[in-house]
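**Student:** Input: one structure, supplied below.
What follows is calculated from the coordinates using simple rules that are stated; it is not laboratory data. Just so it is clear, the model here is predicted, and its values are computed rather than measured. Methodologically, a virtual Cβ is constructed for each residue, glycine included, from the backbone with ideal geometry; neighbour enumeration extends over all protein chains shown.
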Amino acid sequence: MAAIPAALKSAVRNARRVCVLTGAGVSAESGVPTFRDAQTGLWAQYDPRELATPDAFLKDPALVWRWYRWRRKLVTGVEPNPGHLALARFGHLVPQLCLITQNVDGLHQRAGSTDVIEFHGNMFVDRCFDCGAAGAADAAEPVPTCAACGGRMRPGVVWFGEEIPDAAMRRATAAVAACDLFFSVGTSAAVWPAAGFAEQARRGGAIIVEVNPATTELTDLCDYRLAGQSGVVLPELVDCLSGND
Ligand code: BV8
Ligand code: ZN
């Protein structure tokens, strides 16, 4: 049991506008390797940050497609974990909750969270690298082509060096500025601009809480640090709202 301070429990009970930012750590207990974890098998030789770039795609689109098809297969074979499920419950127990995820695995939605801001996109969506048209990429093609322009299809994610889509950026920035309680869950807080949200929330007067077994670049900034796995800590935290605590 993570020791959740009484003062934090009352802050959660009194919160009006909650903002939660999640990273790869929230999917770790579902069996999805984080970006920090060494990748398994064939992918162990690659650094994800080298593959998740437009240059990697232009250099070897078939390799990048193999990586994403491997990840899609892995995620399709796992289930949301108690951390995802707790966040879905959390959304029904507070007046307003904005869930911003850096993950592209769709597990929050499978756990029942609605209105998720997929800040780095979703790897199950396909779109054209050249004209941007959405469409279903042909699974049999090593590098599927675009029906609209004949260009190369790609996964609908935001790669390093690419801008965050305007709508996601606008909605996330507004929610961060307006919240009175901000959670950073399962993220090393090393990828920008998401890494700047906690500081922005703090400047707006929010209480900052980190849920992570390890310390991060954010830890010193936080009002509370719950050192533990999100699949253990989050259900306890949400229990204090539903009278089970
Ligand atoms: C942009 C989609 C304009 C693809 C991803 C300012 C300063 C420095 C650099 C920059 C900057 N501004 C922009 C940049 C460049 C870059 C960047 O941030 N680089 C970093 C590496 C320095 N940012 C960008 O390019 C962004 N675009 O800003 O556009 C621009 C462009 C160029 C130059 C300037 C400006 C776009 C970034 C989006 C990249 N796409 N994903 C895909 O996934 O395939 S990022 C990808 O990596 C993930 O989405 C995720 O965001 C990130 C990994 O981070 P985490 O989620 O935190 O995961 P990580 O493995 O690192 O940590 C896991 C944590 O979980 C750990 O702390 C661990 O302790 C914890 N944990 C483990 N188990 C558990 C747990 N926690 C709880 N419970 C557990 N059980
Ligand atoms: Zn196209």
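**Student:** Could you list which residues have their amide H under 5 Å from that of THR145, counting only those 5 or more apart in sequence or on another chain, with H placed in the peptide plane?
**Tutor:** Answer set, sorted by chain and number: ASP138, MET153.
**Student:** How long is the chain along each principal axis, judged by its Cα atoms, biggest number first, in Å?
**Tutor:** 57, 35, 30
**Student:** If I take every Cα pair under 8 Å that is 6 or more residues apart in the range 185-230, average their sequence separation and divide by the length, what percent do I get for the relative contact order?
**Tutor:** Rounded, it is 38 percent for the range 185-230.
**Student:** Now for a different question. What are the ³J(HN,Hα) values, in whole Hz, obtained from phi via the Karplus relation 6.51 cos²θ - 1.76 cosθ + 1.60 with θ = phi - 60°, for each residue of the range 208-221 in sequence order, with x given for Gly and Pro?
**Tutor:** 10, 10, 10, 10, 6, x, 10, 7, 9, 4, 8, 3, 5, 7
**Student:** If amide hydrogens are placed 1.01 Å from N in the peptide plane, which non-local residues have theirs closer than 5 Å to the one on ILE207?
**Tutor:** LEU181, PHE182
**Student:** Further question: State the Cα centre-to-centre distance between the range 75-142 and the range 146-179 in whole Å.
**Tutor:** 13
**Student:** Another question about this same structure. If a/c stays under 1.5 just call it rounded; otherwise compare a/b with b/c (prolate if a/b is bigger, oblate if not). Do that for the range 42-138, with a ≥ b ≥ c from the square roots of the Cα gyration tensor eigenvalues. It would help to have the intermediate numbers written out before the result.
**Tutor:** Numbers: a/c = 2.42, a/b = 1.83, b/c = 1.32.
Prolate, since a/c reaches 1.5 and a/b exceeds b/c.
**Student:** Taking the alpha-carbon centroid of each part, what is the distance from the range 1-42 to the range 48-70 in angstrom?
**Tutor:** 28
**Student:** List, in order, the whole-Hz ³J(HN,Hα) value for each residue of the range 130-146 obtained from phi through the Karplus relation with A = 6.51, B = -1.76, C = 1.60 and θ = phi - 60°; use x for Gly and Pro.
**Tutor:** Residue by residue, the range 130-146 yields 8, 10, x, 4, 7, x, 8, 6, 6, 5, 7, 8, x, 10, x, 9, 7 Hz.
**Student:** With springs only between Cα atoms under 10 Å, which of GLY91, GLY231, GLY132 fluctuates most in a Gaussian network model of the chain?
**Tutor:** In the Gaussian network model the winner is GLY132.
**Student:** Shifting gears a bit: Modelling each spin label as a point 7 Å along the Cα-to-Cβ direction, I'd like the ALA7/ASP130 distance in nm, to one decimal.
**Tutor:** Taking the two extended label points, one gets 6.0 nm.
**Student:** Provide the per-residue ³J(HN,Hα) series for the range 166-175, in order, calculated from phi with Karplus coefficients 6.51, -1.76, 1.60 and θ = phi - 60°, each as a whole number of Hz, with x at glycine and proline positions.
**Tutor:** Each residue's phi maps through the Karplus curve to give 3, 4, 5, 5, 5, 5, 5, 4, 5, 5 Hz.
**Student:** Computed over the Cα atoms of the range 147-245, what is the ratio Rg over Rh, Rh following Kirkwood?
**Tutor:** 1.09
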